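Nothing in this text is a laboratory measurement; each read-out follows from the coordinates by a stated rule. Predicted, not measured: the structure shown is a model, and the values here were computed from it. Note that we place each Cβ from the backbone using ideal geometry, even for glycine, and neighbour counts take in every protein chain shown.
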Amino acid sequence: MQSDSFPDGPPGDLPGEGGDPADTAVRDIADVPSAQIITTAAVHLMSAAAVKCGLAEDADTEAHLDLAEARILINALAGLVTAAAPDVGGTHARALRDGLRTLQLAFREASTHPDPPGKGPGERLTGSVV
């Protein structure tokens, strides 16, 4: 969108680009490899699950503990890791599997009544972690 005041678009836009934020976002995403997008999504799930498992590094860790939410996040992470592993490459897949296993074990440790082997979060997809 151009105006008489700014013939090349609003200030901050490169000439000829039009300045549409959606176009910029599409170009930015188009430049990112799929393995990086998948890994970024997995890291977000891991971080949220870690906080919900009580692994946050702050004084109020107990206030963040929510194993029901952690279970959902770990299940989602297990699905993503299992589905994406063949496509993201060995190094990325190993790191994602290690992070997932660590969270599954942390969940089991934080639970007052641990699930039977093979029944914990994500274990339907990964197998038992114990």
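Quick notes
- Distance between the modelled labels on residue 44 and residue 27, one decimal in nanometres: 2.3 nm (7 Å Cα→Cβ projection).
- Ranked by how many other beta carbons lie within 10 Å on average, peptides 106-112, 95-101, 28-34, 75-81 from highest: 75-81, 95-101, 106-112, 28-34
- Shape analysis of region 42-126 places it in the oblate category; the axes a ≥ b ≥ c from the Cα gyration tensor give an a/c of at least 1.5, with a/b not above b/c.
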